[in-house]
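Taking it in order: structure first as structure tokens, then the write-up.
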Amino acid sequence: MIDPYIIRERPDDIRRMLQSRVVDYDLNELILCEQERRRYIADTDKLRQERNDCGKTISELKKSREDATDMINHMKRVSAELRAQESMQTANEEKYQRLIRAMPNMIHDTVPLGPDDTTNVEINRWGLTDSKPKNHVDVAGDLLDIERAAKVAGSRFYYLKDGLVRLNYAIISYALDHLLEYGYTLVQPPYMINRQSMEGAIIAEDFEDVIYKIQDKDLYMVGTSEHAMAAMHSDEIMDGHTLPVRYAGVSPCFRKEAGAHGKDQKGIFRVHQFEKVEQFVYARPEQSWVEHQRMLRISEKFYESLSIPYRTVILSSGDMGKVASKTYDIEAWMAGQSAYREIVSCSNCTDYQARRLMIRYRDRTNDKPQYLHTLNSTLVATTRTMVAIMENHQRRDGHIDVPKPLQSYMNLKII
RNA sequence: GCGGGGAUCGCCUAGCCUGGUAGGGCGUGGGAUUGCUAAUCCCAUGUCAGCAAUGACACGGGGGUUCAAAUCCCCCUCCCCGCGCCA
């Protein structure tokens, strides 16, 4: 969530942000609720103080064996009044939390303003692009069985076989080694997390469209290890000297894709499950933008090493996710479709997740704890990268050239 | 899954039986002193608001009893030990 200070002091900045994101939001309702909230807190505090004072007096009277009946009667009235006040305050607090948690993050100054993906701005382009005859489904042939997966699980599932299974695991191993070189700590997180943790990482409305819930349990399948990595240090005050903390999260990702009916039906570009190696960084506010660039560069280099042509774009305000303050996408060239398609998303969420999850840091014992910044970036999502490899490295004889760095992980040069 | 024991401010712990301002040790931060990294002493050290005085909140979570709950009652979660089952 955003800093409540901004709601009080700079509501016009919020209005501009909401407009840039093309988001419908009743800001006035939040402003009123926030004003009420401060009044409720002050009122209940005052009553609590009175009740606590009465308690002390009663205790002292009893100790000196004096009659405390009058005081107890008074305290009964105060307690009753407090209970009434508290229930109003709780109702207000719930409303406030619901409203402020639905409010998107503020937008960084360098984000291009625009309504959708047509206003994204390209900032980098790498590699030679050409068109190849087959799309990844045709290249994969028998190594990919979508029909049987549909029979067994439904649409957007897949069976991988032989060379593609080895390719999948090779990508993961290579990706982990790649991040290890940059000083990342490897983390394999829980694949299911509870609601509170999930709500810290994403906005409530996203639950419906992307997150699978476990029946009768307070557990949700992670849509990305980001969710589990963000919540990892929730309710903690981290030692400032350890920042930035850089994690390489590796996990399967499960997505409902409910809002994507009819989109990318072919093959394994958009599926309900895949593996992903993710960069997740906890940083000091003053270092987070440098860290953001660093993460992007690490991902770009990864695709360069695999000889996958790509371009990098800055997402415009209307195309960004709600928790991000700024997002870069890397789009890989898919030679079989002659198009650039999203393969990496690299976001600085500033203090937005940190506030929801209560993640702070301080340098010395007596310092005031500060919210830190969280950043996340795909290093590699295996299915989409396999699509890029199959389409860009397909051969005329129907085989696939394995990119050089993966050959030793697979013990294969050609699939 | 069954039985037993636990959860208190970073760590260790007192308080619970008998309801009435949550105390101590270690560690950490700051300072003093001593001509050396040590020792000693003082201050600070759960969270939030506040310039501050101060106030509120906090004893795993949620209910209940009570004027008043770390303390009494109920439910839940997690951890440890033993047994069972198991990749």
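Quick notes
- Arranged from fewest to most other beta-carbon atoms within 10 Å of their beta carbon, A:294, A:21, A:195, A:38 become A:38, A:195, A:294, A:21.
- Each label point was placed 7 Å from the Cα along the Cα-to-Cβ direction; for residue A:49 and residue A:266 their separation is 7.1 nm.
- Annotation: Cα Rg of segment A:117-410 relative to the compact-globule expectation 2.2 N^0.38 Å equals 1.01.
- Subset of A:263/A:326; A:132/A:266; A:161/A:217; A:217/A:322; A:95/A:256; A:132/A:256 violating a 22 Å alpha-carbon distance limit: A:263/A:326; A:161/A:217; A:217/A:322; A:95/A:256; A:132/A:256
- Rounded D (µm²/s) - segment A:63-151, Kirkwood Rh over Cα pairs, Stokes-Einstein at 10 °C, 1.306 mPa s: 71
- C-alpha long axis of helix A:11-20 to longest principal axis of chain A, angle in °: 20
- For segment A:257-299, taking Cα atoms only, Rg and Dmax work out to 16.0, 44 Å respectively.
- Report summary: the helix-based calculation at 222 nm, which adds -39500 (n - 2.57) for every DSSP H run with n ≥ 4 and divides by the residues of chain A, gives -14000 deg cm²/dmol.
- C-alpha center-to-center spacing [segment A:4-26, segment A:203-275] in angstrom: 27
- Scattering curve values for segment A:152-233, log₁₀ I(q)/I(0), Debye with Cα scatterers, q = 0.25 Å⁻¹: -1.12
- Fewest-first sequence of A:241, A:233 by Cβ atoms within 10 Å of each Cβ: A:241, A:233
- Overall, the anisotropy analysis places segment A:195-344 in the oblate class: the square-rooted eigenvalues a ≥ b ≥ c of its C-alpha gyration tensor yield a/c not less than 1.5, with a/b not exceeding b/c.
- C-alpha long axis of helix A:382-392 to longest principal axis of chain A, angle in °: 30
- Comparing mean-square fluctuations of A:230, A:339, A:324 from a GNM of chain A with C-alpha springs under 10 Å, the top value falls on A:339.
- Note on residue A:13 and residue A:32: the extension gain reaches 5.1 nm, defined as 0.36 nm multiplied by sequence separation minus the Cα-Cα distance.
- Unit charges at the beta carbon, dipole of segment A:117-410: most positive-side option, A:163, A:202, A:191: A:163
- Volume per residue that the Cα convex hull of segment A:4-102 spans, once the total is divided by residue count, Å³: 88
- Rounded tilt (10° steps) of A:288-305 against the dominant C-alpha axis of chain A: 20
Laboratory data are not the source of any read-out in this text; all were calculated from the coordinates shown. It should be emphasised that the depicted structure is a prediction, and the values quoted were computed from it without experimental measurement. Cβ atoms come from the backbone with ideal geometry, glycine included; neighbour counts cover every protein chain shown.
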